[in-house]
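Here's the structure, in structure tokens; my notes come after.
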Amino acid sequence: MENYYKNYNKSFINGKWIHGDIDSKKTDILNPYNNEVLTSVTLASLDQIRGAFIIAEEAQKDWAHSSVEERKEMFTKMAEYFQNNKDEMIKVASKETGGTLLKAELEINLTIDVLKETFKYMDALDEVKEIPSSIEGKINRVYRQPLGVISSISPFNFPMNLSMRSIAPAIALGNTVVHKADLQVAMTGGSIIARAFEYAGLPAGVFQSILTRTSEIGDEMMENPVIQLVAFTGSTAVGKHIGEVAGRNLKRVALELGGNNPFIVLEDAEVDKAVDAAIFGKFIHQGQICMCINRIIVHEKLYDAFTKKFIERAKQLPYGDQTNPNTVIGPLINEKQLAKVQEIIEQAKQDGIQLGLEGKRDGNILTPYVFVDVDNNSELAQSELFSPVVSIIKAKTDDHAIELANDTIYGLTSAVFTSDLKKGEAYGLKIDSGMTHVNDQTVNDAANIPFGGNKQSGMGRFGDPWVIDEFTKLKWISVQEKYREFPF
């Protein structure tokens with residue numbers, strides 16, 4: 001059984017496990033439930049990061065010409081490693097992220113799905129498209145090539161899956177990756193993935209995992225001259241900065257950012273089923289998922305019944321140690337995040353917004369808070385809460401519910417509940433978000449769908465086959481088989 005905390009609490013550079021150069025700056029990785037020290041990490045330096053990019057650029061020259069068979073063999077072994085060590089990975093992911101065992105298992109399963117899906121598009125580099133020419137004797141061919149070196153940056157909430165959905169397609173399509181996980185979840189978001197690639201026999205330098213803080217390396221993960229694309233999942237504020245820096249350096253980006261996701265209950269919805277879905281979609285992982293429900297918008301005819309039943313269910317959710325199989329509400333990732341949410345709650349109270357359910361703080365745990373009769377224009381309703389706090393908003397009509405849903409700078413995901421599926425799909429198309437789910441909640445992901453958001457929720461799409469365009473470039477080759485007469 002692998003001991004990740006003891007053996008892999010290091011950066012993985014050029015195929016070797018290496019302590020960071022900044023000896024004076026060790027960082028403890030904590031269990032957010034009780035602040036237990038899981039392991040300590042010595043931070044990598046700016047020079048180590050720069051060296052990793054040089055190594056990645058050199059390694060990519062050979063990896064770009066690897067065969068589909070070679071890459072499939074690697075990814076088969078990767079999937080094997082995840083299956084063989086799944087139980088231990090679930091424990092690590094739960095302890096590091098503060099997520100329940102159910103959430104951790106879901107994350108590992110999604111990661112394995114991403115790996116398996118790569119087999120369906122690895123041969124994209126071998127496909128050549130011929131296009132007719134208006135010039136006599138000319139043949140046009142379009143080739144697909146790897147981009148080169150990819151910079152990958154992932155968040156704390158679903159670190160393994162949100163890392164792998166960039167890393168796996170990038171490497172499967174002939175690129176190399178320098179990856180920086182959020183340091184709070186260094187094992188789940190970085191070291192476990194590096195260990196799996198090491199087990200699979202991936203050539204040195206094709207994947208490298210750097211354990212450090214942004215304060216030590218500045219904008220190097222966006223500015224380094226060899227980077228061709230920056231793949232980032234995280235907050236909209238950081239995403240804007242990455243987009244600005246990358247754009248200034250003419251680098252491509254794939255950004256999956258924040259959300260203010262509406263869950264809409266139309267006039268003809270079945271209240272009990274809508275409540276079931278809303279409870280899961282709001283409180284999975286304590287609401288710390290970009291896809292989680294942020295606003296519940298209910299038709300006025302169902303508002304009282306829905307709100308009453310939702311609050312009663314929220315009151316009953318068990319909370320505590322996330323490694324207890326019965327726990328639904330575990331801790332927030334750290335005290336800073338908890339303090340931020342508490343400020344939002346206090347401001348909402350000062351603004352006179354009514355509480356239907358007042359939660360409480362227990363260590364780093366926050367039990368559910370439900371605000372009712374919320375004005376959609378309020379600061380509360382317009383903020384991404386990333387916590388077990390939710391706004392319930394009353395809509396006058398079904399059309400009004402859609403207007404309220406769209407009144408936000410975000411556009412990641414959404415949900416519509418109705419007894420008329422055709423109407424639900426039609427209303428879903430009216431919502432300005434990258435994804436809408438009819439008679440389901442907002443937290444859905446799969447390796448074979450176009451995952452991504454509109455507006456300030458990001459740009460680009462993950463998932464097969466759309467991800468192919470993100471991590472490759474097109475090359476036009478024309479061959480003049482017959483001598484061409486020129487006008488001068």
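None of the figures in this text is laboratory data; all of them are computed from the coordinates on show. Since the structure is predicted, the reported quantities are computational estimates derived from the model, not experimental observations. Here the Cβ is made from the backbone with ideal geometry for all residues, glycine too, and neighbour counts use every protein chain on show.
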Sorted by chain and then number, the residues having a modelled amide H within less than 5 Å of the amide H of Ala231, at least 5 places away or on another chain, are Ser151, Ser152, Ile153, Ala254
Sorted by chain and number, the residues with a modelled amide H under 5 Å from that of Val416, at a separation of 5 or more or across chains, are Ile264, His437, Val438, Asn439, Asp440
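Checking the a/c ratio against 1.5 first, then a/b against b/c, what shape does the Cα gyration tensor give for the range 294-349? Don't skip to the answer; put the middle values down first.
Numbers: a/c = 3.18, a/b = 1.35, b/c = 2.36.
Oblate, because a/c is 1.5 or more while a/b does not exceed b/c.
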Taking a crude spin-label model, label points 7 Å out from Cα along the C-beta direction, the Met1 to Asn406 distance in nm is 5.4 nm
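If you take the beta carbon distance between Asp373 and Asn324 as r and set R0 to 41 Å, what does 1/(1 + (r/R0)^6) give as a FRET efficiency, to the nearest 0.05? Walk me through the intermediate numbers first.
Values: r = 35 Å, r/R0 = 0.85.
Computed FRET efficiency for Asp373 and Asn324 comes out at 0.75.
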Once both label points are put 7 Å beyond Cα along the C-beta direction, the Gln342-Ser478 separation in nm becomes 6.7 nm
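Working out 0.36 nm times the residue gap between Asp62 and Lys315, then minus their Cα-Cα distance, what length gain in nm do you get to one decimal?
Values: separation 253, 0.36 × 253 = 91.08 nm, distance 5.70 nm.
Extending this stretch completely gives an extra 85.4 nm.
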Computed over the range 49-197, the Cα gyration tensor eigenvalues, each multiplied by 5 and square-rooted, give semi-axes in Å (largest first) of 34, 17, 13
Between Asn454 and residues 5 or more places away or on another chain, the pairs with built amide H atoms under 5 Å apart involve Gly411, Leu412, Gly434
Percent antiparallel among DSSP beta bridges confined to the range 261-438, nearest 5, equals 20 percent
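Return the FRET efficiency for the residue pair Val128, Ala446: r is the Cβ-Cβ distance, R0 is 25 Å, and the value is rounded to the nearest 0.05.
Values: r = 29 Å, r/R0 = 1.17.
Step by step, r from the Cβ atoms, then E = 0.30.
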So the angle from the long Cα axis of helix 159-172 to the longest Cα principal axis of the chain, reported in degrees to the nearest 10, equals 20 degrees
The extension gain from Ser419 to Lys120, computed as 0.36 nm times the residue separation minus the Cα-Cα distance, is 104.0 nm
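Counting only C-alpha contacts under 8 Å and six or more residues apart, can you give the relative contact order of the chain as a whole percent? Show your work: numbers first, answer last.
Working: 1116 pairs, mean separation 90.3, N = 488.
So the answer I get is 19 percent.
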One finds the C-alpha centres of the range 68-146 and the range 307-342 to be spaced, in Å, by 33 Å
Going residue by residue through the range 138-146, the Karplus relation 6.51 cos²θ - 1.76 cosθ + 1.60 with θ = phi - 60° gives ³J(HN,Hα) values, rounded to whole Hz and with x marking Gly or Pro, of 9, 10, 9, 10, 10, 9, 10, 10, x
Percent antiparallel among DSSP beta bridges confined to the chain, rounded to 5, stands at 45 percent
Under 17 Å by backbone N from the virtual spin label 7 Å along Cα-to-Cβ at Arg213, the residues of the range 155-170 are 156
Using alpha carbon centers only, the range 411-471 is separated from the range 209-230 by a whole-angstrom value of 30 Å
Under the helix-only model (-39500 (n - 2.57) for each DSSP H run of 4 or more, divided by the residues of the chain), the mean residue ellipticity at 222 nm, to 500 deg cm²/dmol, is -11500 deg cm²/dmol
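How large is the dipole of the chain about the Cα centre if only Lys and Arg carry +1 and Asp and Glu carry -1, each at its Cβ, rounded to the nearest 20 debye? Please list the in-between numbers first.
Numbers: 52 positive and 66 negative charges, 120 e Å.
Computed charge dipole of the chain: roughly 580 debye.
May I ask you to derive the relative contact order of the range 261-438, considering only C-alpha pairs under 8 Å and at least 6 residues apart, and to give it as an integer percent? If you can, show how the numbers build up before the last one.
Values: 342 pairs, mean separation 52.3, N = 178.
For the range 261-438, the relative contact order is 29 percent.
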For the range 254-265, in residue order, the Karplus 3J(HN,Hα) values (coefficients 6.51, -1.76, 1.60; θ = phi - 60°; whole Hz; Gly and Pro = x) are 10, 10, 10, 10, x, x, 10, 7, x, 10, 9, 10
Along the range 122-131, Karplus-curve 3J(HN,Hα) (6.51, -1.76, 1.60; θ = phi - 60°) to the nearest Hz, with x for Gly and Pro, reads 4, 7, 4, 5, 8, 7, 10, 9, 9, 10
Expected sort for 414-422, 79-87, 179-187, 248-256 on mean C-beta neighbours within 10 Å, highest first, is 179-187, 414-422, 248-256, 79-87
Once the in-chain neighbours fewer than 8 apart are removed, the aspartates and glutamates whose Cα is under 19 Å from Lys103 read Asp87, Glu88, Asp113, Asp182, Asp276, Asp321, Asp440, Asp445
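Compute the Cα gyration tensor for the range 424-488, then decide on rounded, prolate or oblate, letting a ≥ b ≥ c be the square roots of its eigenvalues: rounded whenever a/c is under 1.5, prolate when a/b is larger than b/c in the other cases, and oblate in all that remain.
Numbers: a/c = 3.74, a/b = 2.93, b/c = 1.28.
Cα axes put the range 424-488 in the prolate bin.
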Relative to the chain, whose Cα atoms define the longest principal axis, helix 46-63 and its Cα axis are tilted in degrees, nearest 10, by 60 degrees
If the label point sits 7 Å along Cα→Cβ of Asp276, residues of the range 424-451 with amide N under 14 Å come out as 439-441
Longest principal axis of the chain (C-alpha) makes with the long axis of helix 68-84 (C-alpha) an angle, in degrees to the nearest 10, of 30 degrees
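Using a Förster distance of 35 angstrom, determine the FRET efficiency expected from the C-beta separation of Asn14 and Arg141, and round it to 0.05. Walk me through the intermediate numbers first.
Details: r = 36 Å, r/R0 = 1.03.
Here the calculated transfer efficiency is 0.45.
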Using alpha-carbon coordinates alone, the radius of gyration and Dmax of the range 136-261 in Å work out to 15.8, 61
If unit charges are put on Cβ atoms (+1 for Lys and Arg, -1 for Asp and Glu) and the dipole of the chain is taken about its Cα centre, the option from Gly234, Val128, Val114 lying farthest towards the positive end turns out to be Val128
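Is the range 1-77 rounded, prolate or oblate when judged by the Cα gyration tensor, a ≥ b ≥ c being the square roots of its eigenvalues, rounded requiring a/c under 1.5 and prolate requiring a/b larger than b/c?
Judged from the Cα gyration tensor, the range 1-77 comes out oblate (a/c at least 1.5, b/c at or above a/b).
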